[in-house]
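Read through the structure below, which is laid out as structure tokens, and then see the notes.
The values are calculated or read from the model by the stated rules, or taken from the named source; none is laboratory data. Predicted model, so just to flag it, every value in this text is computed and none were measured. So basically every Cβ, Gly included, is an ideal-geometry build from the backbone, and we count neighbours across all protein chains shown. Keep in mind that these areas ignore ligands, DNA and RNA; they rest on the heavy atoms of the full protein, side chains included. Shrake-Rupley method; radii C 1.70, N 1.55, O 1.52, S 1.80 Å.
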Amino acid sequence: MKLKETYTNSLKLIAVLGILFLGISCQDEIPLETFDFETLLVVEATLTDVNEIQQIKLSQTVELNSQESAYIDNASVVVTASNGQSYSYTYDVDGVYVSTEAYAAQQDLTYTLTINVNGKTYTSSAQSLPATAQIDSVFVEPAVKNDVQGLQIFVNSTGSSDQVNYFRYEYDETYKVIAPSHSDQDIDIQNLDNTVNGFEYDIVITEREQEERVCYNTAPSFGIRISSTSNVTGASVNNVPVRFIANTDPIIRERYSILVKQYSQSIEANSFYRILNDFGNLESFLSQNQPGFVVGNINNEADEDENIIGFFEVASYTESRIFFNYEDFNLTRPDYFFECEEILLSYNDNSAQDGDRNERNFIIQLVNSDLYTLVNFQFPEVTLVRPECGDCTTIANSNEIPEFWEE
């Protein structure tokens, strides 16, 4: 299971806000220094009912410009079920602890998180698995948000009919990137010689060793999206907005997919996230009514007054994925991520006395500095473009087709 990046980003924000609340009053300008700094434990922990290697992330708040690592790598982490079964976690990387075995939260059991670090013991309150719920559908409709034309992605969900259901949503979005000025060849400068007639060199063309025309970029959601059935009739929540994409956003230029993740929560977890979301509103933070520290469900056994940021959550998990193209909504194809002006240079232009730049020298500068990549070469002319326009790997995180991808 991937770390929940939404929770991570929100907790980072709360950590900063918590520090600011400790020593900085609300003002128009906030100086880049800290006062009465307090190191706070930050816990990111969601246990789901999916049988897999579970993850917990531990970090700490650090002062601005500090060289100290925010990650905690020396903790003992255990989750204990009410039937006596315990699950140990080992350190992996970047503050992430992974369970030594795959397991899933079960109904009719409660779970408690215990963390031992630096001589302190932190324990969560016992958490149980909420009733399971399903995503009925994920769909897209044209919409306007803040006067911007775009596409709104919604989710419909159904929970248990005999109780109020609380939901939290995250997503991973994946979109195809096709470099518009791609070449299957690379350019290299060899045998460079500074002669009395200026620089002379060989232009060597080689085949590119990897796929650099078509890539796929996957990015997690940011922010908090929660809903509940408390204000609706029945067990379903409909038309919950999870993602808005402007018509001009290049992520829908080729093909787009979104994986919507739903966590069925307890009322306590939902309340924590709701308050967390209020903190994430900059206008709320800068208002005169600052809400104070966000209280989670984890405490220092020896010092109940110690502030800890985070919540140990047990949640029922489900997900649903959809694909779409901009043509499905009769939209104009969005522009590419960057301006892709191609530069035509000639090796034979070896002088700047004509009032123009010395193009032979300029080729060396652009190629050797990796500022531009090859589009075309027909000696003596070389056509170059910025790498983002000719090599998709410079802006996307994979040049391999994802296993789930559908055209």
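Here the stretch 295-384 is assigned +1 on the Cβ of each Lys and Arg and -1 on the Cβ of each Asp and Glu. Its dipole about the Cα centre then comes out at about 640 debye. In this structure the amide hydrogen of R253, modeled in the peptide plane, comes within under 5 Å of no amide hydrogen from residues 5 or more places off or on another chain. Both radii come from the Cα set of the stretch 218-258: Rg as radius of gyration, Rh as Kirkwood radius; their ratio Rg/Rh reads 1.09. What the phi angles of the stretch 389-398 give under the Karplus curve with 6.51, -1.76 and 1.60, with θ = phi - 60°, is a coupling list of 9, x, 9, 5, 5, 6, 10, 10, 9, 7 Hz, glycine and proline written as x. Along its three principal directions, the equivalent ellipsoid of the stretch 97-252 from the Cα gyration tensor extends over semi-axes of 51, 28, 14 Å, largest first.
Against the compact-protein benchmark of 2.2 N^0.38 Å, the Cα-based radius of gyration of the chain scales to 1.24. Once both labels are positioned 7 Å from their Cα atoms along Cα-to-Cβ, the gap between Q85 and S128 label points is 1.8 nm. For S236 and E327, the FRET efficiency from 1/(1 + (r/R0)^6), where r spans their Cβ atoms and R0 equals 41 Å, is about 0.85. Entry comment: accessible area of the chain is 51 Å² per residue, from protein heavy atoms only and a probe of 1.4 Å.
From most to least packed by mean Cβ count within 10 Å, the peptides 302-311, 382-391 give 382-391, 302-311. Using a cutoff of 8 angstrom between alpha carbon atoms and counting only pairs six or more residues apart, the relative contact order for the chain works out to 20 percent. Cβ-Cβ distance of R208 and E403, R₀ of 25 Å, FRET efficiency by 1/(1 + (r/R0)^6): the value works out to about 0.55. Here is the P(r) of the stretch 360-407: all C-alpha pair distances, binned every 10 Å from 0, give 23, 40, 21, 13, 4 in whole percents. Percent of Cα pairs in the stretch 318-383 per distance bin of 5 Å, from zero to the largest separation: 3, 13, 17, 15, 10, 7, 8, 7, 8, 6, 3, 2, 1, 0. One chain, two ends: N350 and E141. Fully extended at 0.36 nm per residue, the span grows by 69.6 nm beyond their Cα-Cα distance.
Basic side chains Lys and Arg get +1 at the Cβ, acidic Asp and Glu get -1 at the Cβ, and with that the dipole of the chain about its Cα centre reaches some 1440 debye.
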